[in-house]
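Some notes on the structure that comes next.
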Amino acid sequence: MRNLCVVAIVLALEMAVVGRAEARPVRFVGAHPIAAKQGGGYCYIEAPHMHIYAPDHAALYQQVNDEYVFTGDPSPFGYEGEKHQFYGHHPVASVNGEPIYCFIDGPHVHPFEAPASPEYKVKGNVAFYIGPFDAGYNRLKPHRVKVVNAEYRPFVAFRPTVEVAPPPEWHGEVWVAPPAIAVQGPGVTVQAPGVVVQGPGVVVGAPHFAPPPRVNVVVPAPSVRVSGPGVYVGGPGVYVGGPGVYVGGPGVEVNGPGVVVGGHGGHHDNGKHNGWGKHGRGR
Amino acid sequence: MRLAAIVFAATAAIACHKDAGPEGLRLRQLHDGLGSAGFKLDDFKKADASRFSAQNCEAGALGGLDAVVCEYGSTEAVALGKKAGEGWVAEATTGVALSNGHTLLLLADRHKADPNGQTIHKITKAYTALK
């Protein structure tokens, strides 16, 4: 009994210590997505700052000491602002002298413009990094490439469409959009670029991120036939959506008894350029 | 090489002197600078400077955020005050503790008045640009 009391006291003390550790503010440098439990969206503070929450997608951050630096494409996270197209890996900035890299394969955007330097070749508004990578990049690359690109897999529709070939000086890997995933269910077919959903008890899931673009499709009730467990159709309005599934844009088709919703993804940006990221200022 | 070393040493000496000298940003300039960026500190009241190891501190509301600005005698003292400032920010949803010259700026969003940090971004951008 006495031993039990000792164990209980030790556990209580440990919990108290852990509780205190969680209450510590988390440090960020630069803008970043806001954690979903805090309402989501995008935090636009460039200067070093603190929040009471840790980042949702730690893989999209590079940690420098105890500070998180968001290195990803902000498009899927409610970011509204200037966008500049990049293709493949490139340095982002340096914080306290430590270089920060973007490890996103293929086309993506950042809120900042590539610096005007011989290390970047810009073709058709797309920046390709053709400069050297240092040892730090090579050390981080094997792990970071895997985790960062896994995070962006559900967001194919947010990627810009790049129609230029990489310059010959560029030595990165050409990105190929993931193949279509087909799932089938009676009566309901949802089609989007790269995604087809079919099948009884269909669940199309993806990690929880910011809400994807939504399309409300109004279907006359008599023309909708629904069968199969796990498929919900509320008529006369039918809402089709979910993380990882992009439905929308021109060319939306609605047919019954099956419902087909089609659209195209891709995001172009022709925003004005606003200079390179300014991480690490104001210290 | 030797010349380069001398030039470097001289530059460093000038830079260090300037850092510790009286030319750094002061509270008065901070008032003027933030005021011209649209963030008036006119309603700020004297605050307990000892809490932030400062010579002078003022506290008030800035764009719906809790704010404290302090002035220090040296840049070393600012660093000390910044630590204390981070403690003041601690429990806020979002907060900043930034220094510039002989001044310290603390902002704390305790009531989610600035959910996307747009106001904090504007204030800190104006503050860090002051010289």
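Apply the Karplus parameterisation 6.51 cos²θ - 1.76 cosθ + 1.60, with θ equal to phi minus 60°, to every residue of the range A:109-122 and state each ³J(HN,Hα) to the nearest whole Hz, in sequence, with x for glycine and proline.
10, 9, x, 10, 8, 5, x, 6, 9, x, 7, 10, 10, 9
Roughly how many whole Å is it from the C-alpha centroid of the range A:54-109 to that of the range B:50-89?
31
Can you list the residues of the range B:33-58 with backbone N under 18 Å from a point 7 Å past the Cα of B:Lys83, pointing along Cα to Cβ?
B:49-55
Multiply the residue gap between A:Ala135 and A:Val122 by 0.36 nm, knock off their C-alpha separation, and tell me the result in nm, one decimal place.
Residue separation times 0.36 nm, minus the Cα-Cα distance, leaves 2.2 nm.
Mind sorting B:Lys82, B:Lys40 by how few other Cβ atoms lie within 10 Å of their own Cβ, fewest first?
B:Lys40, B:Lys82
Tally Lys/Arg at +1 and Asp/Glu at -1 over every other residue whose Cβ is under 11 Å from the Cβ of A:Ala127; what's the total? Walk me through the numbers before you get to the answer.
Values: positive: A:Lys121, A:Lys123; negative: A:Glu113, A:Glu119.
That works out to 0.
What length, rounded to one decimal in nm, is gained on full extension from B:Gln55 through to B:Arg110, with 0.36 nm per residue of separation minus their alpha-carbon distance?
That works out to 17.2 nm of additional length.
Under 11 Å from the Cβ of A:Met50, count the other residues' Cβ atoms, weight Lys and Arg +1, Asp and Glu -1, and hand me the total.
Values: positive: A:Arg24, A:Arg27; negative: A:Asp66, A:Glu67, B:Glu86, B:Glu91, B:Asp109.
Summing Lys and Arg as +1 and Asp and Glu as -1 gives -3.
State which entries of B:Lys40/B:Lys125; A:Lys83/B:Lys112; B:Lys46/B:Lys82 exceed 21 angstrom in Cα-Cα distance in the structure shown.
A:Lys83/B:Lys112
Given axes a ≥ b ≥ c from the Cα gyration tensor, I'd like to know whether the range B:81-131 is rounded (a/c under 1.5), prolate (a/b larger than b/c) or oblate. Please report the intermediate quantities before stating the final value.
On the way: a/c = 3.78, a/b = 1.20, b/c = 3.14.
In terms of gyration-tensor shape, oblate.
What length, rounded to one decimal in nm, is gained on full extension from A:Asn149 through to A:Glu163, with 0.36 nm per residue of separation minus their alpha-carbon distance?
Between A:Asn149 and A:Glu163, full extension yields 3.0 nm more.
How far is it, in nm, from the label point at B:Gln118 to the one at B:Lys40 when both lie 7 Å from their Cα along the line to the Cβ?
Here the answer is 2.2 nm between the modelled labels.
Taking each residue in B:94-105, count the Cβ atoms of any other chain within 10 Å of its Cβ, then average. What number comes out?
Shielding by partners across B:94-105 averages 3.
Quick note: the coordinates plus some simple rules give every number you see, no bench work behind them. Everything numeric here is computed off the predicted structure, so don't read it as measured data. Positions of Cβ are generated from backbone atoms using ideal geometry, with glycine treated the same way; all protein chains shown enter the neighbour counts.
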